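A short write-up of the structure that comes next.
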Amino acid sequence: MKSFLLSAVLGFLALALVNLTAQYTGVVLPLNRLTLAASGVLGVPGVTLLVLLNAILL
């Protein structure tokens with residue numbers, strides 16, 4: 001349980017970091033149910049997956 005919570009917190013921090021650096025990188029991940037669920041459940045790999053999907057699909 002402790003490692004899941006740590007992974008979720010790190011995922012949310014990674015999502016926030018991506019959005020804070022959007023001005024410099026041009027990568028924006030909108031805050032919606034999908035992105036919050038992916039970053040909370042999957043953690044940093046989930047945010048990485050979202051960034052890669054954003055780059056491929058857009």
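The values are calculated or read from the model by the stated rules, or taken from the named source; none is laboratory data. Remember, it's a predicted structure, so these values are computed and weren't measured experimentally. Each accessible area value is taken on the protein alone, full model and side chains, heavy atoms only, with ligands, DNA and RNA left out. Shrake-Rupley method; radii C 1.70, N 1.55, O 1.52, S 1.80 Å.
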Worksheet item: Can you pull out the residues in the stretch 1-36 that are of a type in the set (Val, Ile, Thr) and outside any loop (DSSP other than H, G, I, E, B)?
Response: VAL9, VAL18, THR25, THR35
Worksheet item: If you scan the stretch 21-58, which residues turn out to be among the small types (Gly, Ala, Ser) and open to solvent by 70 Å² or more (accessible area, probe 1.4 Å)?
Response: ALA55
